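Since every read-out is calculated from the coordinates, none of them should be taken as a lab result. In this text the structure is predicted, and so the values were computed from the model without any measurement. Neighbour counts are summed over all protein chains in view; Cβ atoms, including those assigned to glycine, are modelled from backbone coordinates with ideal geometry.
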Amino acid sequence: MNEQAFVITEEEGILILTMQAEGNNLMTASFFEGYEAAMAEVEKRAEEKALRGMIICGGGRHFSVGADVDALSERSAKELPELRETGRIPEGHFRQKHFFTFLNELPFPVVSVVTGFCIGSGSEIAANSHFRIVEKNARIGQPESTFGILPALGGIARSIVHTGMQNAFDVVVSGELFSADRAAEILWANEIAGKKAGKERAVKLIDFITGTGEEYTADKAAYFYRRFLESEVV
Amino acid sequence: MIIQKHKLFTEIIGCKALGELYSEKEKLDGISVLLLHGDDMEEAPDDAVTSWLSAVDFITVFAAENISRFSYEFLSKFDVRLGGAEYPASSARADDRYRLLCGDMAYEVLSSGTSDTAPNFVTVLSGEESFDAKALAYVNRVCGDKTEAQMKILTRCLKAAANDSIKAVLTAESEGFYALMAQKTEDAADE
């Protein structure tokens, strides 16, 4: 993996994580290694100082094409003897899962700017974020079920929170990819942005939340987003 | 009433009231998904039936072309609703159940009173076929060619949200993933 696969910068109190690993952020074993290190750094910075928000985006055309299924099968094959022996899910899974689900616990707004393909475990990064701004060209989905498995990094839980049981049934069980328009229709996406306009919208949203002066928590994300939209109508 | 068993779901045709379904509930043991065609149904409030429906461990899909003639209290007992048109916001209620069924943002929109329709409450089916055929096609498409074991695990994950909590879904996801991975590995070794 290239040295600069995960770049963390800070602009006016907003952390920006740009993912630009090989193969359009194909989630290989080395991707996960770099991702976990980057997220550990995010966690450390969040503890050290007051941040206003975080933006996650892909450095190229795509957010992430998701996990390398062969690598996933290989990793699981190594873990299964431990599972059979102890009856417990391997610790490595919980460590990996933590670096997805902790995004939802951060005390400041976390916005994923979704471009191009945002698939499988890649879509779980976006789903664990508090907000998803989706550019017009995006194709999103959790196709794990079509490979005989399921999304296990918070994808099912967060699909229910964002789209309700009504749509999570379709998104998770069918595993079909969907467009930006469909993402907005089922409210998986907060909004659709024009090409290359997603990051600007994310900054605007974070600025609005900062400007309210109110305490921010993830469970109030929808409330803040509604007020953000109302502020733009005036 | 006809109980039609498919590989991954069970379809109920010609049911007149939920009590009729309840009286044959043993026939639904072990299923993953129930598709109930409801255009011939009438609401008949019954606490025992309501309690049973709220606690079942399979996904419940209610389909009715004229879905707005049913009350929110009745429709919200189901996990998924298929209709011929959106459901009016004035008939829905922004409560915890709505939030679970439709999502946080839909709940927020309904609470704000800014929408004429209840967001995410009904999946509108369109097309030239009969409504029952469209509902059947929807469930067939979603279930696809999964195995029964996979369908049960997916169902368990989704129902954990309804019968327990979102935290329970996170646990169910992890357990389900490794159960399915173990199955895949065994299948690959057998080939």
Check your understanding: Counting only other chains, what is the mean number of Cβ atoms within 10 angstrom of the Cβ of each residue in peptide B:109-117?
Key -> 2
Review point. From the phi of every residue in region A:143-157, what ³J(HN,Hα) in whole Hz does the Karplus formula 6.51 cos²θ - 1.76 cosθ + 1.60 yield, where θ is phi - 60° and glycine or proline is x?
Key: x, 3, 5, 7, 9, x, 10, 7, x, 10, 10, x, x, 6, 4
Exercise for review: Provide the percentage of antiparallel DSSP beta bridges, counting only those with both residues in the protein assembly as shown; round to the nearest 5.
Suggested key: 25
**Study point:** In sequence order, calculated HN-Hα J values of region B:59-70 (Karplus, 6.51, -1.76, 1.60; Hz; x Gly/Pro)
**Key:** 6, 10, 10, 10, 10, 8, 4, 8, 6, 6, 7, 9
Check your understanding: How much net charge surrounds B:GLU65 when only the other residues with a Cβ under 14 Å from the Cβ of B:GLU65 are counted, with Lys and Arg +1 and Asp and Glu -1?
Key -> -3
Revision key, fill the gap. For the A:THR86, B:SER165 Cβ pair and Förster radius 25 Å, calculated FRET efficiency rounded to 0.05 is 0.45
Check your understanding: Given 0.36 nm per residue, what is the gain on full extension from A:LYS195 to A:GLU230 after removing their alpha carbon distance, in nm?
Key -> 10.3 nm
Check your understanding: If you rank A:VAL233, B:VAL33 by fewest surrounding Cβ atoms within 10 Å, what's the result?
Key -> A:VAL233, B:VAL33
Review point. With chain A treated as a Gaussian network of Cα nodes joined by springs under 10 Å, which of A:LEU153, A:LEU17, A:LEU72 yields the largest mean-square fluctuation?
Key: A:LEU72
Review point. Considering chain A as a Gaussian network with a 10 Å cut-off on Cα pairs, which listed residue, A:SER112, A:SER73, A:SER123, attains the greatest mean-square fluctuation?
Key: A:SER73
Review point. Among B:94-105, A:189-200, how do they line up from the highest to the lowest mean number of other beta-carbon atoms within 10 Å?
Key: B:94-105, A:189-200
Study note, to complete from the structure: From DSSP H assignment alone, runs of 4+ in the protein assembly as shown each adding -39500 (n - 2.57), the sum over residues rounded to the nearest 500 puts [θ] at 222 nm at -14500 deg cm²/dmol
Practice item. Just report the Cα centroid separation between region B:103-127 and region A:25-95, whole Å. Key: 34
Study note, to complete from the structure: Neighbours of B:THR50 by Cβ distance under 14 Å: Lys/Arg at +1, Asp/Glu at -1, summed charge -1
Exercise for review: Taking 7 Å along the Cα-to-C-beta vector as the label spot, tell me the B:ALA85-A:GLU43 distance in nanometres, rounded to one decimal.
Suggested key: 5.2
Check your understanding: Near A:LYS199, which lysines are there with a Cα under 20 Å away, not counting those fewer than 8 places off in the same chain?
Key -> A:LYS136
Exercise for review: If a/c stays under 1.5 just call it rounded; otherwise compare a/b with b/c (prolate if a/b is bigger, oblate if not). Do that for chain A, with a ≥ b ≥ c from the square roots of the Cα gyration tensor eigenvalues.
Suggested key: prolate
Exercise for review: Using a 10 angstrom cutoff on alpha carbons, build the Gaussian network for chain B and name the most mobile of B:GLY19, B:GLY176, B:GLY30.
Suggested key: B:GLY30
**Study point:** Average beta carbon contacts from partner chains per residue of B:70-79, 10 Å cutoff
**Key:** 1
